[in-house]
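S.K.: There's a structure below that I have some questions on.
Values in this text are rule-based calculations from the coordinates and carry no lab data. Quick caveat: nothing in here was measured; it's all calculated off a predicted structure. Here the Cβ positions follow ideal geometry from the backbone for every residue, glycine too, while neighbour counts run over all protein chains shown.
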Amino acid sequence: MKTVRVFYTISLGLAVLCSSCNDFLDKTPLSQITPEHYLLTESDLESYVNGLYTGILPSHNTVWSYGMFGWDAHTDNQAAWNYSNKFVPGQYKVPHSEDSEWKFTNIYSCNYFLSRTVPLLESGGLSGNLENVKYYIGEAYFLRAYEYFTRYQKFGDFPIVTVPLKDEQDLLVEASKRAPRNEVARFIIGDLDKAIELMGALKKPTTRISADLARLVKSRVALFEGTWLKYFKGTAFVPDGENWPGSKKNAGASYTYPSGSIDNEIAYFLNIAMEAAKEVGDKYIGSLTDNTGTVQQGLSEQENPYMMMFADLDLNKYPEVLLWREYNKGLGVVHNVPVYCQMGNRGVGVTRGLVSSFVMQNGLPVYATGSMYHGDRTIADVRKDRDSRLSIFLKEPGQKNILIFDPSGTTYQVEEPYPNITEGSEERTYNTGYALRKGWSYDQGQCVNGFGYTACASFRAAEALLNYMEASYELQSRVDETARSYWKALRERSKVDADYEKTIANTDMSQEVLYDWGAYSAGKIIDPVLYNIRRERRSELMAEGLRFMDLIRWRAMDQMIATPYHIEGFHLYNTPMEEWYGGKLTNDGSDKANASSPERSEYLRPYEKNSKSEVYDGYRWAMAHYLSPIMIKQFQLTSTDGSNLESSPMYQNPGWPMTADEGAEF
């Protein structure tokens with residue numbers, strides 16, 4: 001088997017040479033860099049596509065980050081060491097030119113590849129195994145789709161560019177025009193359909209993109225757009241909504257949806273989400289990774305495959321994992337996740353809100369009569385008799401972190417200590433008192449600072465089950481038989497009573513809104529059935545980087561425009577856990593404070609230690625923050641004279657000014 005199956009390990013394809021740092025649609029013509037005789041053989045195509053993987057797909061991307069399992073930071077699930085400006089209206093500002101989000105580098109590289117290879121495929125000008133050639137072209141369509149999905153989540157309306165453009169001002173300005181967001185979503189889905197067709201049923205190692213992965217992402221994209229259109233309907237954040245900026249640029253002309261109306265468009269996307277998710281869900285529902293519900297604490301004890309799916313070296317043994325990244329210490333392709341899992345997750349703490357949302361093993365919410373909830377006065381109590389997805393991943397003092405000893409490991413804790421909340425450093429502090437072991441390793445040899453090489457499960461088939469459950473309920477307002485079977489499978493795997501209807505019947509939304517932003521859409525409390533579908537998603541995909549994506553498409557932060565939300569961690573005061581710190585707590589609100597005051601809450605509030613903090617009085621929101629602002633340099637580059645920004649064919653996102661270094665207007 002070729003070593004290039006390790007799609008992230010070998011990334012020396014010519015695509016790496018094609019990256020451009022220009023802001024204006026990455027205007028350096030790729031043809032000036034890439035030899036014309038390249039991309040003619042099967043091996044050329046494989047090498048080029050390999051070079052695109054690392055810059056586009058999710059993984060533990062650097063040795064200094066907490067990796068994929070910290071990507072839910074700055075949500076109601078996880079709290080990073082520092083707060084996010086997105087929750088401080090006025091502090092999150094329009095950039096002038098320093099912006100890493102509005103970029104076309106990867107899109108340009110994909111466009112070059114496709115513009116070269118697709119005509120050659122049609123004319124028979126590519127040499128090698130035809131099925132492999134088609135497969136690599138299919139991968140490029142997937143990668144372009146995924147990169148577009150990343151950009152469109154941030155900006156909504158976005159230019160659709162499918163060819164490498166010449167370095168001509170008029171051509172580039174015209175190409176900068178933003179397409180309506182739903183048309184961008186349709187374009188992304190179109191690319192995924194091409195990927196599915198070209199890759200077909202050809203089997204490759206799951207370190208490579210596959211047709212099933214494309215179907216999963218297709219369901220994700222369609223669900224995103226369908227729910228976005230539903231919850232932002234009538235606002236400036238959807239085409240033809242009130243004050244939609246796209247209408248102004250088109251002389252006030254109204255927009256006509258391809259399907260005839262926004263309601264038809266919502267149904268169009270939700271139907272696609274259901275169909276694509278079901279294709280994957282039906283295929284993999286019987287292959288979900290087994291979960292013993294226990295945390296292995298000795299080499300003679302049974303290993304928990306569900307936990308190991310996030311910590312093993314080779315994920316080919318887990319059919320549920322549709323795509324994973326392989327790391328290699330010898331090649332220097334490494335990360336730091338095992339080290340940070342030995343400590344406080346590099347300052348990314350689990351919130352009280354996330355912990356509170358997990359139901360008990362008997363399926364009841366923690367507040368319900370008969371739930372058998374043991375309280376939160378100790379972490380042991382929090383974990384006891386809970387949904388196993390919480391109990392196995394939430395670290396508890398006294399648990400064994402290392403079972404396999406290796407003298408090369410230098411940064412580890414054999415036994416989990418009391419949460420270190422007073423350290424004062426991002427690397428070692430347990431920011432909320434709660435920390436996860438999702439992505440940890442029992443192997444001391446993995447615990448060398450900056451040299452971990454456990455694999456990263458980038459995409460899992462379990463998401464397809466969740467996508468179907470949500471899309472079908474949003475469209476049909478009922479839990480159909482397919483959704484019912486999916487829901488039961490997920491709960492049974494999690495060692496939770498499969499009777500989700502019991503959970504729904506005992507759900508008190510006045511309790512759920514206290515700790516879960518997903519209990520809201522557009523400032524209104526959602527119904528208990530939909531809420532529990534969202535709860536299942538929150539529990540299953542915890543710390544896998546999808547929470548913020550879900551929150552924005554649900555429009556789940558409106559309530560914070562008027563009412564601040566306080567990020568909290570574990571129950572610190574008036575519990576046995578307070579005694580862990582033996583007089584080391586300073587909670588006077590000064591610059592030296594290492595804990596929040598008990599007068600504010602008995603629960604640790606990581607951002608409310610210093611009274612000078614911008615979020616001392618809680619997180620707030622602004623409508624404009626659902627989308628990112630476009631940097632001013634883009635308008636200057638596409639204007640007629642470089643200064644008259646209104647002459648640009650582009651338009652700013654709703655609520656954002658056309659002035660650099662200013663916050664949102666609403």
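S.K.: Classify the range 550-598 from the C-alpha gyration tensor, please: rounded if a/c falls under 1.5, else prolate or oblate depending on whether a/b exceeds b/c.
M.R.: The shape class here is prolate.
S.K.: What percentages make up the Cα-Cα pair-distance distribution of the range 523-568 when the bins are 10 Å wide from 0?
M.R.: Bins of 10 Å from zero give 22, 52, 25, 0 percent of pairs.
S.K.: Rg to Rh for the chain: what is it, with Cα atoms only and Rh by Kirkwood?
M.R.: 0.96
S.K.: Classify the range 602-666: rounded, prolate or oblate, from the alpha-carbon gyration tensor (a ≥ b ≥ c, eigenvalue square roots; a/c under 1.5 rounded; otherwise prolate if a/b is larger than b/c)?
M.R.: Verdict is prolate for the range 602-666.
S.K.: For the range 571-620, give the magnitude of the charge dipole about the Cα centre (Cβ charges: +1 Lys/Arg, -1 Asp/Glu; no others), in debye to the nearest 20.
M.R.: Roughly 160 debye, rounded to the nearest 20.
S.K.: What does the helix-only formula give at 222 nm for the chain: each DSSP H stretch with n ≥ 4 adding -39500 (n - 2.57), the total divided by the residues, and the result rounded to the nearest 500 deg cm²/dmol?
M.R.: It lands at -10000 deg cm²/dmol.
S.K.: In addition: Peptides 310-321, 257-268: what's the order by average Cβ count within 10 Å, highest mean first?
M.R.: 310-321, 257-268
S.K.: Take the alpha-carbon centre of the range 300-360, take the same for the range 460-477, and report the distance between them in whole Å.
M.R.: 24 Å
S.K.: For Thr432, Thr235, Thr75, what ranking results if the residue with the fewest other Cβ atoms within 10 Å of its Cβ goes first?
M.R.: Lowest to highest Cβ neighbour count: Thr235, Thr75, Thr432.
S.K.: If neighbour count is taken as other Cβ atoms inside 10 Å, put Asp591, Asp290 in order from fewest to most.
M.R.: Asp591, Asp290
S.K.: Another one. Give the shape of the range 317-468 as rounded, prolate or oblate, defined through the alpha-carbon gyration tensor: a ≥ b ≥ c are the square roots of its eigenvalues, a/c under 1.5 means rounded, and otherwise the shape is prolate if a/b is larger than b/c and oblate if not.
M.R.: Oblate, since a/c reaches 1.5 and b/c is not below a/b.
S.K.: Taking the beta-carbon count within 10 Å as an exposure proxy, list Thr256, Thr575 from fewest neighbours to most.
M.R.: In increasing order of surrounding Cβ atoms, one gets Thr256, Thr575.
S.K.: Could you please state, rounded to a whole Å, how far the C-alpha centre of the range 372-437 is from the C-alpha centre of the range 169-193?
M.R.: Using only Cα atoms, the two centres lie 46 Å from each other.
S.K.: Applying a 10 Å radius around every beta-carbon, put 515-528, 405-418 in order of their mean neighbour count, most first.
M.R.: By packing density, highest mean first, the sequence is 515-528, 405-418.
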